[in-house]
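The values are calculated or read from the model by the stated rules, or taken from the named source; none is laboratory data. Every value quoted in this text rests on a predicted model; they were computed, and no experiment measured them. Glycine also receives a Cβ, built like all others from the backbone with ideal geometry; neighbour counts cover every protein chain displayed.
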Amino acid sequence: MEQTVTYLSQQWRDEAEKRLKGEISPEKMKHLTSSVAYVYVGCPDGRDRYLYFKTTDGRFEQILVGEGDPPQSDFRVTGPYDIFAGLTQGKIKSQRALMSGKLRLKGNMVKALKLASLADRINKVLEKIPARY
């Protein structure tokens, strides 16, 4: 039986990296070179956290979790912890969350909406990680 990890912990990040690199090919990522920082406001412990992805030619180059300001990125998406947790669990679709105003985007909105399907593909992998939210 798989061990349950805390969402956004270092152990969760390590499992996310292993699964994303193993399950999503550069072809499935459309050989994308980009970066995105998700800023989680109001985590259960009262702190704000981030989840950062950087891809080069469709390969996951960097996956980071932390507190404070995330690394510079092409896109920055800010929103409540519970919305992001819902995305990661597959309960909410990325495009719907962006268009409804539940998440705030800094970056090119047109490009972000085109990439929303890739975000949902990533979340399909992440939702399989046994996690405490």
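The table for this structure:
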item	result
Test: VAL65 is farther than 22 Å from SER25 by Cβ and at pLDDT below 95	no
Selection count where residues are surrounded by fewer than 17 Cβ atoms within 10 Å (Cβ to Cβ) and either touching a helix residue (DSSP H, G or I) at 6+ places or on another chain (Cβ under 9 Å) or under 17 Å from LYS124 (Cα atoms) (or both), scope the range 37-57	4
Matching residues in the range 12-24 - criterion: being farther than 14 Å from LEU64 by Cβ and either at pLDDT below 95 or hydrophobic (A, V, I, L, M, F, W, C) (or both)	ILE24
In the range 105-133, residue surrounded by the most Cβ atoms within 10 Å (Cβ to Cβ) [restricted to those that are under 11 Å from SER94 (Cα atoms), without any contact (Cβ under 8 Å) to a residue 24 or more places away in the chain and among the aliphatic types (A, V, I, L, M)]	ALA116
Candidate set: the range 76-97, residues that are in contact with a strand residue (DSSP E or B) (Cβ under 6 Å, 6 or more places away or on another chain) and closer than 16 Å to ILE122 by Cα; chosen: the one surrounded by the most Cβ atoms within 10 Å (Cβ to Cβ)	PHE84
Residues of the range 50-83 classified as under 12 Å from the mean Cα position of the chain (by Cα) and charged (D, E, K, R), total	2
Some residue of the range 28-49 being in contact (Cβ under 8 Å) with a residue 40 or more places away in the chain and of a type in the set (Asp, Glu)	no
Which numbered condition ALA112 misses (of (1) assigned to a helix (DSSP H, G or I); (2) more than 15 Å from PHE53 (Cα to Cα))	(2)
Single match in LYS128, LYS124 (criterion: closer than 24 Å to GLY22 by Cβ, among the charged types (D, E, K, R) and not in a loop (DSSP other than H, G, I, E, B))	LYS124
